[in-house]
């Protein structure tokens, strides 16, 4: 049974990778990260790892093991983008990351807050990150609805500020009940698939 479950997860990961590769993910190149590089995973509950053991099963924890780099889990459950913008500068100063994985705004969308303000806050985060000398790559989250796909605001911000973006993997995971712990959050298997896809994306972009 364990073998069948692992095989099923591998096949699912492969299929999600194929879907993502065929989508509208931006493959903008990133600077190569040294073995000592720090990656800051910045976001809300999807980054924190709600629905699994956040210390060992969140996507930053799994990505750290896969990449051999230090990945800081800077996720705060329930945080909206305005609060994230106010928080990020001190974290950048504390950890001095070379790369920031930005996955934020899901709570704004769930609460139906202003998308114009979300766009402004994401742009503000990108500006602060770059002012601190780090690169940034974005992960889109889906807008609530019957058919889950990335909210257009993420692609708009990414194109405007020339930021690499992964549009597909979180909507794909949230469309698979077997990868979720509740209607919004992945389970441990879902976070592993997320980390594996991000790892592959960073390899393709030249960061790893």
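The values are calculated or read from the model by the stated rules, or taken from the named source; none is laboratory data. What you are looking at is a predicted structure, and each value in this text was computed from that prediction instead of being measured. Neighbour counts are summed over all protein chains in view; Cβ atoms, including those assigned to glycine, are modelled from backbone coordinates with ideal geometry.
Remarks
- Which listed residue, of 122, 118, is buried (at least 22 other Cβ atoms within 10 Å of the Cβ), in contact with a helix residue (DSSP H, G or I) (Cβ under 6 Å, 6 or more places away or on another chain) and either more than 26 Å from residue 206 (Cα to Cα) or at pLDDT below 95 (or both): 118
- Qualifying helices (runs of 4 or more DSSP H) (wholly inside segment 1-106; at least 2 residues being modelled with pLDDT of 95 or more, touching a strand residue (DSSP E or B) at 6+ places or on another chain (Cβ under 9 Å) and surrounded by 18 or more Cβ atoms within 10 Å (Cβ to Cβ)): 45-48, 59-67, 81-95
- In this entry, residue 148 is excluded by the filter for residues that are farther than 21 Å from residue 68 by Cβ, in contact (Cβ under 8 Å) with a residue 12 or more places away in the chain and part of a helix (DSSP H, G or I).
- Residues of segment 160-180 satisfying the condition of being in a loop (DSSP other than H, G, I, E, B), closer than 14 Å to residue 136 by Cα and touching a helix residue (DSSP H, G or I) at 6+ places or on another chain (Cβ under 9 Å): 163, 164
Okay, residues lined up against (1) under 26 Å from residue 68 (Cβ atoms); (2) assigned to a helix (DSSP H, G or I):
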| residue | (1), (2) |
| --- | --- |
| 119 | no, yes |
| 124 | no, yes |
| 153 | no, yes |
| 182 | no, no |
| 202 | yes, yes |
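- Single unsatisfied condition, residue 207 versus (1) touching a helix residue (DSSP H, G or I) at 6+ places or on another chain (Cβ under 8 Å); (2) crowded, with 22+ Cβ neighbours inside 10 Å; (3) not in a helix (DSSP H, G or I): (1)
- A single member of 130, 192 is within 16 Å of the chain's Cα centre (by Cα) and part of a helix (DSSP H, G or I), and it is 192.
- Output for segment 142-157, where each listed residue is modelled with pLDDT of 95 or more and out of contact with any helix residue (DSSP H, G or I) (no Cβ under 9 Å at 6 or more places or on another chain): 155
- Checked against the criteria, residue 139 does not count as more than 26 Å from residue 113 (Cα to Cα) and modelled with pLDDT of 95 or more.
- Restricting 157, 136 to those that are part of a helix (DSSP H, G or I), within 16 Å of the chain's Cα centre (by Cα) and under 23 Å from residue 202 (Cα atoms) reduces the list to 157.
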